[in-house]
């Protein structure tokens, strides 16, 4: 990485707030709940802090799971900017095999906003390598509800479709697209979607820790029990298998350090490896502004009932209830990002120009404890520039 690193003082970062953040990151490691974690802070195009705690070093790569969705979506933004696709284009315009079981109504915008209607459509990761199997999956899928009528998070299915569209447009494999259109121009060589074989030894194994909440635990807290999705403990543990790690899974197959991801988020506010903002970047400023516009007004989270604020493949903090959307207290309402399974955190605040990333290989089975940790960490990060 050629972005350079500056001291917290040079970045006008509160040293006391940074120490409080560091102590909070250490908490679960010191208690023995989590085996390892990394966090990184970047501001105004420079790396400010990057630390590895527990059973990890600065060379460790972590699976970032659904944080990958923002990276995949950014490639779609570039195609929109170039006029290669349109948000209202039906998917069948690019993938004719998709046009079965009333899916002709699904658009690219539906895919990006999790309103496409097939949240649990199956796709085995290794099917990616076989175009015939891919097309058979797309043809097999059925709608659970009319596209655009409601929001339900699509853990992987919609992103597989977006990646397929990109591959058909460009003639390149998805991992190559990430490398040539993002990693190389941004000089972030360890921005991987699908881990290269020669880097597999650096990846931290996923470990599940703690006791899962019971139905009674949720009831005692007055919370609804979350529905069962494809994001199971077994599915996440499968990311310890080399044959899964090498697949460029567009909805969850990213592998990198916290520093790489924090600097990637800096590119979304115009800071690249050069000097001037928005100069020689993969996208123009107006493209990012369009991506950050909320496209899900009036739609509610189907489990907790809070407003859904989704841009094009990213989550917008908004004002009230930002913590319910994966952000902390104290961030501007313009903050945006995308977190990942197991407690991964990634966001940038355009107002403070601060990006924060927290990664861990220790997945806490206690969902509420994990959620509270995420809110606490992001809230501590927000105080860095207060």
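Observations on the structure shown:
- Two-site label geometry, residue 241 and residue 180: point separation in nm, points 7 Å out along Cα→Cβ: 3.0 nm
- Mean projected area of the convex hull spanned by the Cα atoms of region 251-358, taken over all viewing directions: 7.4 nm².
- C-alpha center-to-center spacing [region 199-227, region 326-342] in angstrom: 20 Å
- Relative contact order for the chain, counting Cα pairs under 8 Å that sit 6 or more residues apart, in percent: 26 percent
- Under the criterion of Cα pairs below 8 Å and six or more residues apart, the relative contact order for region 203-311 equals 17 percent.
- Relative frequency of Cα-Cα separations exceeding 24 Å in region 88-184, percent: 17 percent
- Approximate shape of region 58-112 as ellipsoid semi-axes (Cα gyration tensor, √5λ), whole Å, largest first: 28, 15, 8
- Scattering curve values for region 199-326, log₁₀ I(q)/I(0), Debye with Cα scatterers, q = 0.23 Å⁻¹: -1.29
- Between residue 351 and residue 133, the distance separating the two model label sites (each 7 Å from Cα on the Cα→Cβ line) works out to 4.7 nm.
- Extension gain from residue 143 to residue 229, taking 0.36 nm per residue of separation minus the Cα-Cα distance: 29.4 nm
- The mean of 1/r over all distinct Cα pairs in region 229-271, once inverted, gives the Kirkwood hydrodynamic radius of 12.2 Å.
- Theoretical gain in end-to-end length, residue 205 to residue 218 [0.36 nm per residue, Cα-Cα removed]: 1.8 nm
- The peptide list 183-190, 302-309, put in order of mean Cβ contacts within 10 Å with the highest first, becomes 183-190, 302-309.
- Taking 0.692 mPa s as the viscosity and 37 °C as the temperature, the Stokes-Einstein diffusion coefficient of region 1-138 based on its alpha-carbon Kirkwood radius rounds to 171 µm²/s.
- Using every pair of separate Cα atoms, the Kirkwood estimate puts the hydrodynamic radius of the chain at 20.9 angstrom.
- Region 344-386-region 96-169 distance, computed between alpha-carbon centres (Å): 30 Å
- Normalised Debye scattering of region 71-144 at q = 0.16, 0.17 Å⁻¹ gives log10 I(q)/I(0) of -0.62, -0.70, counting only Cα atoms as equal scatterers and leaving out solvent.
- Listed peptides 254-266, 215-227 by packing density, highest first (mean Cβ within 10 Å): 254-266, 215-227
- Between residue 124 and residue 285, the FRET efficiency estimated from the beta carbon spacing at R0 = 35 angstrom works out to 0.35.
- The helix-based estimate of mean residue ellipticity at 222 nm for the chain, built from -39,500 (n - 2.57) per DSSP H run of four or more residues and divided by its residue count, is -8500 deg cm²/dmol to the nearest 500.
- Using C-alpha pairs below 8 Å separated by at least 6 residues, the relative contact order for region 228-386 is 17 percent.
- Cα shape, region 161-261, gyration tensor, a/c 1.5 rule: prolate
- Using a simple spin-label model with pseudo-atoms 7 Å out from Cα toward Cβ, residue 197 and residue 7 lie 4.6 nm apart.
- Efficiency of FRET from Cβ geometry, residue 369 and residue 320, R₀ 30 Å, rounded to 0.05: 0.80
- The alpha carbon centroids of region 1-58 and region 229-307 are separated by 20 Å.
- Cα gyration tensor shape of region 322-371, rounded if a/c is under 1.5, else prolate or oblate by comparing a/b with b/c: prolate
Each reported figure results from applying straightforward, stated rules to the coordinates on display, with no laboratory input. As the structure is a prediction and not an experimental result, all values here were calculated from the model. Methodologically, a virtual Cβ is constructed for each residue, glycine included, from the backbone with ideal geometry; neighbour enumeration extends over all protein chains shown.
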